[in-house]
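Only one structure is covered here, and it is reproduced in the block below.
The values are calculated or read from the model by the stated rules, or taken from the named source; none is laboratory data. Source: prediction; values computed, not measured. Neighbour counts run over all protein chains shown; Cβ positions are idealised from the backbone, glycine included. The area values use the complete protein model at the heavy-atom level, side chains included, leaving out ligands, DNA and RNA. Shrake-Rupley method; radii C 1.70, N 1.55, O 1.52, S 1.80 Å.
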Amino acid sequence: MTGPKLIDPYGTPAGADPRGALQSITLDLDRTEGESVNKMKSTHLEPFPDPVLEVPDDLKRSVIVSSVDYLLNWARKSSVFPLQSGLACCSFEMISAAMARFDLARFGMEAMRASPRQADLLIVAGTLTWKMAVPLRRLYDQMAEPRWVISMGVCATSGGPYYQSYSVVPGVNHIMPVDVYVPGCPPRPDALLYGIMQLHDKIRRYSLNGQAAGRE
Amino acid sequence: MAIKTQPVTVNLGPQHPSTHGVFRMRVMFDGEEIVDVEPVFGYLHRGSEKLAEERTYTQIVTLTDRMDYVSSMLNNQAYILAVEKLAGIEPSPRGVWLRMIASELQRIASHLVATGFLLQDLGALGTPLIYAMRERENILDLFEMLCGARITNSYLRPGGVFMDAPAEFWPALDRGLGDILNTVDELETYLSGNEIVFSRTKGTAVLPKELLINASITGPMLRASGVDWDLRHRAPYDYYDRVSFDRILHTASDNYARYWVRVQETRESVKIIRQCIEQIEPGDVRPSFDEVPRLIRPPVGDAYAAIEGSKGELGFYLVSDGSIAPYRMHVRASSLINLTLLRDMLIGGQFGDLFVTFGSVDLNMGEVDR
Amino acid sequence: MIGLGLSRGFAVTLKNFLRPAVTEQYPDRHVGLIGAAKAAGMNPFQFLVKKPTDSLKAIAGLATVPVAVKQSPRFRGNEFTFFEDRCTACASCAKYCPLGIIEIVSVPGKIDAQEGESYKLEVFDIDIGRCMFCGLCVEACPYDALHMGTGFERSKYVRDELIITKEELFDAPKRPSSFYRPQFEENGFDPFKETIDDHHDAGRHERPSDEDLKRKWVDER
Amino acid sequence: MTTVWSGGALAEAIEAFAPGSVESSAGSDVWLKPESISTVCEGLKIRSEFKFDLLSSLTAVDYIDHFEVVYHLTSLPMNASAVLKSRVGHGRTEASIASVVPIWRGADYQEREVWDLMGIRFDGHPNHKRIMLWEGYPGHPLRKDYVTYDQSIASTAPGAADSLKGAE
């Protein structure tokens, strides 16, 4: 078995770029990325309004609104698959919530999906920086509707301890509409579970609202 | 017969199931061989060092928690040592013992996380990680008894800790230490003899020790190459000169050695905690507010204090201008500096080894980017 | 021998398979007839006779009982407990907060401001959408008026609802955590079972009376 | 226990092999002239009386009228540590100093970080670009004249307006 060849970037032959094959060509890629970050920072100044469901009073009392809708929402609520998108400290509480002691699988969230195409729920777990906001918005756009967003922890909710920082988004609702805010820094896994139960309640109410689920 | 292929550049991350957070790599492959790697940082750069310039010395403790979020207590300890050095504070003995216990517990938790995630990267989906995290939960419960929080503890204060341990902590700690030893034994039984782990980790990403030292790499990575360098032993801070422990060394300097050193170090940490429990003495856990006021105003000057963190030398450099907030705070982040040799480790290796090597470095994005 | 290490590993997995589960069944767990009867505080036969529908549910496996999460009394939850009678509106908490999220507005109290500076609280808002629950405000409070709470169920659909106002703090059941409050630990207070109603039980230092304040601020000056 | 070199002794020892490179010394610090940093660091690493083979930390401080680059060195064989400092960029002019990456590779990311956040250029660094922030970020945030609360990208830093134009 052979180990990797050790390279010495300062012993390269004359004429070759000392930075290696890749780093000599990536400055342009970095510039393009920087432009998109700057663009996002200059355009996402106002937060999105929170998508609140107003359930009319007369519908609240009626038992059967639409059985099909009810069934559909029950099925949706029982199989919300979250995207594996830990950003910072809160991601460790999210992982803890998925592990043996708190066991997210009890809520029908059997697996954290690695691909946004297979996920219904984006748990923004941790501090969102402007540099990360561009990929995160792209992940959100790639998720199929109906989709929901939980802002986990105060960093995602408002910037939290880093509110005044030069590189942190002051609240993920500047980037995408948020359904449930979970306070805590980081929230205990139980607090996250409570937030998920609130989301379940919300999903159930879509049928009463007469609105297609997951649309703003 | 060698097959010629066109090199192709692949972007991994920042959101990737295996990148331990928001890390991004541009990797150039030739077939399955890695030709070149460029790490891209900064997806979690939160500006802690700038924010620290407008907070008081006690308030900054909360920022250090969130820096390396799997070893908050160790961050607290490094920062508090720097403040005590800067302001000339004499800590209370009981507080020092308590923070040694807390930081050794945190080191165990951090090593357990590192091991669990390394095996996750090896393809052992779930099981080893679940076992490691189950044990970590017990340690987090102990932290909750001490300070009321699981991850972002903010337990330490200049001169000691903010509150004494409750009565139920000591029996729980004793029980927990036994559990930890059992778990480590189990880990060794099912992993250290496992043929798959052997064939995936032995002999991959070997680094010579001269290169490691030259690249400022410290901690378990350096000890896995046979260099006996542990700040707890070579430059004892707190009361580490009053406890005895073995330094774990391995000479292979490959992925297996790095993993092995971490697993063995958890046992040494248990040994240190046992000695701390024996030697801890009653008394106050922090100096009174007459000696160390809430608003500390250190004299003009600078101080650098480093501890042996879970990932290497974790240092804080503080500059004071005599006011209640530091003029400048700099963190010597071991995770960032340990990545210096990532290219050397990966180039020439296979695609399958990429995340194993990456996991064996044990980095934490909160500390890399700060 | 190839495979020996693997089989040893599987033996450990098997051993763990037989261990009791560590999962905490928050928020509730399913119970049978006996469990449901125990939760209702009677023996199964009584339960069967007195509540036939509930016991049928329990036999069918549909009955649940709420489960409290295992937490330490020092747990810093996502809320606060506040005793207005102990507060002097000194704003120590606001000054000590690293984020400056505690908003305090006070007006001169019942004594004339000229002769004794007793202040009355008008606004006391904590924005828990930005709070990191570090507990420094609780540490700073000189008269033990502010405590960490132990509740954590505070998820909201709207960002603005995350602000805790003074009224909400007063009306909430007072379950203070024993974080930085050693007197609770000495008394054996369990925040998950009991509440504190009287502000006298809450602290080490009583709030000075108006007379004391007057003496301190006016007569000694 | 680690022995800490006192500033005076270290300055004398440095003067012995690199005359005229020390500016001043006090406490445990030695201030070097920025143009001699490469020579001195190479000597400190190679010479048998120092053997500073590990660069612990490299950072910079903004003292408003000048910047100070701070090196914390450790010697593994001798178990010793020392602090080097160097003042650059007097009068907030274009600050630059020689890179120590050819001597210690551990300085690679740290120098990039100092360039990114403090704006001190390291001549001879093999991959001199931003590390934490994105390309096109206006200014260097750890400088004292940088406004923290500013959430917009409009800034007076040179090149900021151009990068904004490029974004649209």
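Summed for both chains, how many Å² of accessible area, to the nearest 100, are buried between B and D with a 1.4 Å probe? Walk me through the numbers before you get to the answer.
On the way: alone 15270 and 9200 Å², together 20950 Å².
About 3500 Å² of accessible surface is lost on pairing.
Taking θ as phi - 60° and the Karplus parameters 6.51, -1.76 and 1.60, the scalar couplings of region A:112-122 work out to 6, 7, 8, 10, x, 5, 9, 10, 10, 10, 10 Hz in sequence order, x denoting glycine and proline. Rounded if a/c is under 1.5, else prolate if a/b beats b/c, else oblate: with a ≥ b ≥ c from the C-alpha gyration tensor eigenvalues square-rooted, which is region A:64-193? Since a/c reaches 1.5 and a/b is larger than b/c, the shape of region A:64-193 is classed as prolate.
In percent, how large is the relative contact order of chain B, given Cα pairs closer than 8 Å and 6 or more residues apart? List each step's numbers first, then the result.
Values: 716 pairs, mean separation 100.3, N = 370.
Relative CO of chain B lands at 27 percent.
For chain C, taking Cα atoms only, Rg and Dmax work out to 25.3, 90 Å respectively. Per residue, the average separation of C-alpha pairs within less than 8 Å and at least 6 apart gives region C:24-70 a relative contact order of 58 percent.
Could you sort out which of C:Lys38/C:Lys174; B:Lys311/D:Lys45; A:Lys77/C:Lys15; C:Lys15/C:Lys57; B:Lys85/D:Lys129 sit more than 31 Å apart by Cα distance in this structure? Spell out each step's value before the answer.
Numbers: C:Lys38/C:Lys174 28 Å; B:Lys311/D:Lys45 25 Å; A:Lys77/C:Lys15 35 Å; C:Lys15/C:Lys57 35 Å; B:Lys85/D:Lys129 34 Å.
Where the Cα-Cα span goes over 31 Å, the pairs concerned are A:Lys77/C:Lys15; C:Lys15/C:Lys57; B:Lys85/D:Lys129.
Taking only the Cα atoms of region B:1-137, the radius of gyration and Dmax are 20.6, 70 Å. When the solvent-accessible area of region C:24-70 is split by element, carbon and sulfur atoms take up 64 percent of it, the probe being 1.4 Å. Considering Cα pairs under 8 angstrom that are at least six residues apart, work out the relative contact order of chain D and quote it in whole percent. Rounded, it is 16 percent for chain D. Between B:Leu181 and A:Thr32, the modelled labels are 5.8 nm apart [label points 7 Å from Cα along Cα→Cβ].
Excluding ligands, DNA and RNA and using a 1.4 Å probe, chains A and B jointly bury around 4500 Å² of accessible surface, summed across both partners. Taken as Cα centroids, region B:1-79 and region D:3-46 sit 34 Å apart, rounded to the nearest whole angstrom.
Can you give the mean number of other chain Cβ atoms that lie within 10 Å of the Cβ atoms in peptide B:299-307?
Details: counts 0, 0, 2, 8, 0, 8, 0, 6, 0.
Shielding by partners across B:299-307 averages 3.
Over region A:87-128, what percent of the accessible surface lies on carbon and sulfur atoms, probe 1.4 Å? Each step should come with its number before you reach the end.
Numbers: 550 of 1110 Å².
The C+S portion of the solvent-accessible surface of region A:87-128 is 49 percent.
What does the structure give for B:344-352 when I average, per residue, the other chain Cβ atoms found within 10 Å of the residue Cβ? Mean number of neighbouring Cβ atoms from other chains: 3. Packing, taken as the mean count of other beta carbons within 10 Å per residue, orders the peptides D:108-115, D:75-82, D:136-143 from highest to lowest as D:108-115, D:136-143, D:75-82. The portion of the accessible surface of region D:3-132 made up by carbon and sulfur, rounded to a whole percent, is 54 (1.4 Å probe; DNA, RNA and ligands excluded). A cut-off under 14 angstrom between Cβ atoms defines the neighbours of A:Gly108, and their net charge, with Lys, Arg +1 and Asp, Glu -1, is +2. The phi-based Karplus calculation (6.51 cos²θ - 1.76 cosθ + 1.60; θ = phi - 60°) puts the 3J(HN,Hα) values of region A:157-168 at 5, 8, x, x, x, 10, 4, 8, 6, 7, 10, 10 Hz, whole numbers, x for Gly and Pro. Average accessible surface for the protein assembly as shown: 38 Å² per residue, computed with a 1.4 Å probe over protein heavy atoms with every protein chain in place. Remark on B:Glu313: its backbone amide H falls under 5 Å from those of B:Thr218, B:Gly219, a criterion applied only to residues 5 or more positions apart or on other chains, H modelled at 1.01 Å from N.
Spin-label model, B:Gln6/B:Arg234: points 7 Å from Cα along the beta carbon direction are separated by 4.9 nm.
In region B:212-245, comparing the full protein assembly with the chain on its own, the residues that lose 40 Å² or more of accessible surface at a 1.4 Å probe are B:Ile213, B:Asn214, B:Ser216, B:Trp229, B:Arg234. Shape class of chain D from the alpha-carbon gyration tensor: prolate, with a/c at 1.5 or above and a/b greater than b/c. The sum of -39500 (n - 2.57) across all DSSP H runs of n ≥ 4, divided by the residue count of chain B, sets its helix-only mean residue ellipticity at 222 nm to -14000 deg cm²/dmol.
Rounded to two decimals, the Cα radius of gyration of the protein assembly as shown over 2.2 N^0.38 Å is 0.96.
Considering helices alone, the calculated mean residue ellipticity of chain D at 222 nm is -7000 deg cm²/dmol, with DSSP H runs of length four and up weighted by -39500 (n - 2.57) and normalised per residue.
Estimate the FRET efficiency between C:Glu167 and C:Thr195 by the formula 1/(1 + (r/R0)^6), using the beta-carbon distance for r and 25 Å for R0, to the nearest 0.05. Working from the Cβ atoms, E equals 0.90. Residues in region C:10-16 carry Karplus couplings, in order, of 5, 4, 5, 4, 5, 4, 5 Hz; the curve used is 6.51 cos²θ - 1.76 cosθ + 1.60 with θ = phi - 60°, and Gly or Pro positions show x. The mean of 1/r over all distinct Cα pairs in region C:24-70, once inverted, gives the Kirkwood hydrodynamic radius of 10.6 Å. Once you reduce region B:262-320 and region D:55-93 to the center of their Cα atoms, the two points are 24 Å from each other.
Between chain C and chain A, roughly 2600 Å² of accessible surface gets buried, counting both sides and using a 1.4 Å probe.
Residues whose amide H falls under 5 Å from that of B:Gly31, counting only those 5 or more places apart or on a different chain, are B:Val8, with hydrogens built in the peptide plane. Counting Cβ atoms of other protein chains within 10 Å of each Cβ in B:138-151 and taking the mean gives 6. If you take all other residues with their beta carbon under 11 Å from the beta carbon of B:Phe351, and give Lys and Arg +1 and Asp and Glu -1, the sum is -4.
Packing, as the average of other Cβ atoms within 10 Å across residues, places the peptides B:20-32, B:280-292 in the order B:20-32, B:280-292, highest first.
Let me spell out the model: positive unit charges on the Cβ of Lys and Arg, negative unit charges on the Cβ of Asp and Glu, origin at the Cα centre of the protein assembly as shown. What dipole size does that give, in debye rounded to 20? Please list the in-between numbers first.
Working: 104 positive and 127 negative charges, 439 e Å.
The calculated dipole for the protein assembly as shown is roughly 2100 debye.
Residues whose amide H lies under 5 Å from that of A:Val149, counting only those 5 or more places away or on a different chain, are A:Leu122, A:Asp179, A:Val180; hydrogens are built 1.01 Å from N in the peptide plane.
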